[in-house]
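> I'd like to ask some things about the structure below.
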Amino acid sequence: MKNPLFNISYGLYVVTANKNGRDNGCISDTLCQLTVEPEQVSLCLDKSGYTCEMIAETGVFTASIISVDAGFALFRNFGFQSGRSVDKFADFGDVRRVANGTLAITAGTNAFISVQVDKSFDLGSHVLYIGKVTEKETFDNSDSMTYSYYQKYVKPRPEAAAEVLVKGRNDEGQTVWRCEVCGYEYIGEELPADFRCPVCKQPTSAFAKVAMAAAGPDEPNKYAGTRTEKNLQEAFAGESMARNKYTYFADVASRNGFE
Ligand SMILES: Cc1cc2nc3c(=O)[nH]c(=O)nc-3n(C[C@H](O)[C@H](O)[C@H](O)COP(=O)(O)O)c2cc1C
């Protein structure tokens, strides 16, 4: 049975900050309204993120509420790369500068909320920010996207789930673990206790074992003959699997929209 915590429902947001004229933002699923009078919200971000650092220093952020109209490109731009190494707004024009100096995202979103941070709590890996709403606007009446909707309809289907299973037939006999949050796959018998998803920074508790290696030479491989396996055999005919696995998985990643 899956972890009951995975049954908690979340919305999705592009959280933006501006420090010394530099704009940045990330995807988060942790915005919550706490009180009505005054309107207070909380937001929890991973400390290693640049957006988290910028909010710690400036004390303000804007959360643009992602709608069901958003495509994966929005998530790829804001959720799978860090503003420490790229300018996420260099080629992203669907924005409006709002009163607190940050950028609200105007496409694939249905509203924005700007927040002045009053309190922050160090939670170890994350920082919890609590603050008051200083500005807000609804763009349209489209439905907000839930995390579950993102997983089902927006995130590229991880083809690797089936494809990595062919590893059950190679000499290495490794096991595959998938991050239930972002789909990243780790290949190895055991996840190191302190392992964290390199994409979304989740700890080992977010990983589920998706495939065990085939038990032995006598056990029929239930994935034999699949298109994926055939492609793999054709692509790497006559070459060693060990040598080519990196090229192969790079190709899988690329087809799923990851660099
Ligand atoms: C669907 C989804 C949900 C995410 N939720 C969070 C979150 O709640 N908190 C967080 O710190 N990062 C979350 N992330 C990961 C950040 O968006 C990601 O690490 C981003 O690259 C950080 O960028 P930055 O370093 O420019 O701030 C999420 C990513 C995705 C794709």
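The values are calculated or read from the model by the stated rules, or taken from the named source; none is laboratory data. Given the structure is predicted, the values throughout are model-derived calculations rather than measurements. Virtual Cβ from ideal backbone geometry, glycine too; neighbours counted across all protein chains shown. All accessible areas refer to the heavy atoms of the entire protein, side chains included, with ligands and DNA or RNA removed. Shrake-Rupley method; radii C 1.70, N 1.55, O 1.52, S 1.80 Å.
> Any idea which residue in the stretch 22-38 is farthest from Gly131 (Cα to Cα), counting only those that are among the polar types (S, T, N, Q) and within 16 Å of the ligand (Cβ to nearest atom)?
Residues of the stretch 22-38 among the polar types (S, T, N, Q): 24, 28, 30, 33, 35.
Filter once more, so that each one left must be within 16 Å of the ligand (Cβ to nearest atom): 24, 28, 30, 33.
Values: Asn24: 19, Ser28: 16, Thr30: 14, Gln33: 10 Å.
Filtering first and then ranking leaves Asn24.
> Only one of these is part of a loop (DSSP other than H, G, I, E, B) and either within 13 Å of the ligand (Cβ to nearest atom) or out of contact with any strand residue (DSSP E or B) (no Cβ under 8 Å at 6 or more places or on another chain) (or both): Gly101, Gly93. Name it.
Numbers: Gly101 fails: either within 13 Å of the ligand (Cβ to nearest atom) or out of contact with any strand residue (DSSP E or B) (no Cβ under 8 Å at 6 or more places or on another chain) (or both).
On inspection, the qualifying residue turns out to be Gly93.
> Now for a separate question. Out of the residues in the stretch 3-55 that are part of a loop (DSSP other than H, G, I, E, B) and acidic (Asp, Glu), state the one that is farthest from Thr204 (Cα to Cα).
Going through the stretch 3-55, the residues part of a loop (DSSP other than H, G, I, E, B) turn out to be 3, 8-10, 12, 20-21, 29-31, 36-39, 47-49.
Now restrict to residues that are acidic (Asp, Glu): 29, 37, 39.
Working: Asp29: 19, Glu37: 38, Glu39: 35 Å.
If we take residues in the stretch 3-55 being part of a loop (DSSP other than H, G, I, E, B) and acidic (Asp, Glu), then Glu37 is farthest from Thr204 (Cα to Cα).
> List, please: which pairs have Cβ atoms under 6 Å, are six or more places apart or on different chains, and start with a residue in the stretch 1-28 that is open to solvent by 40 Å² or more (accessible area, probe 1.4 Å) and end with one that is in a strand (DSSP E or B)?
Note: pairs meeting the criteria are Ser9/Thr146.
> Same structure again: For a quick check of your reading of the model, give me the residue pairs whose first member lies in the stretch 165-186 and is modelled with pLDDT of 50 or more and open to solvent by 50 Å² or more (accessible area, probe 1.4 Å), whose second is within 11 Å of the ligand (Cβ to nearest atom) and in a loop (DSSP other than H, G, I, E, B), with beta-carbon atoms closer than 6 Å and at least 6 apart or on different chains.
Within 6 Å, the pairs are Tyr184/Cys197; Tyr184/Val199.
> Within the set of pairs 6+ apart or on separate chains, which have a first residue in the stretch 41-60 that is more than 6 Å from the ligand (Cβ to nearest atom), a second that is in a helix (DSSP H, G or I), and C-beta atoms under 9 Å apart?
Filtered contacts from the stretch 41-60: Leu43/Ile55; Lys47/Glu53; Lys47/Ala56.
> Which of the residues spanning the stretch 1-14 are among the β-branched types (Val, Ile, Thr) and either within 8 Å of the ligand (Cβ to nearest atom) or modelled with pLDDT under 95 (or both)?
Within the stretch 1-14, the first condition is being among the β-branched types (Val, Ile, Thr), and the residues that meet it are 8, 14.
Of everything in the stretch 1-14, just one residue is among the β-branched types (Val, Ile, Thr) and either within 8 Å of the ligand (Cβ to nearest atom) or modelled with pLDDT under 95 (or both), namely Ile8.
> Identify all residues within the stretch 96-116 that are closer than 15 Å to Leu31 by Cβ and under 24 Å from the mean Cα position of the chain (by Cα); write none if there are none.
Going through the stretch 96-116, the residues closer than 15 Å to Leu31 by Cβ turn out to be 102, 104-105, 109-116.
Listed by number, the residues that qualify are Thr102, Ala104, Ile105, Thr109, Asn110, Ala111, Phe112, Ile113, Ser114, Val115.
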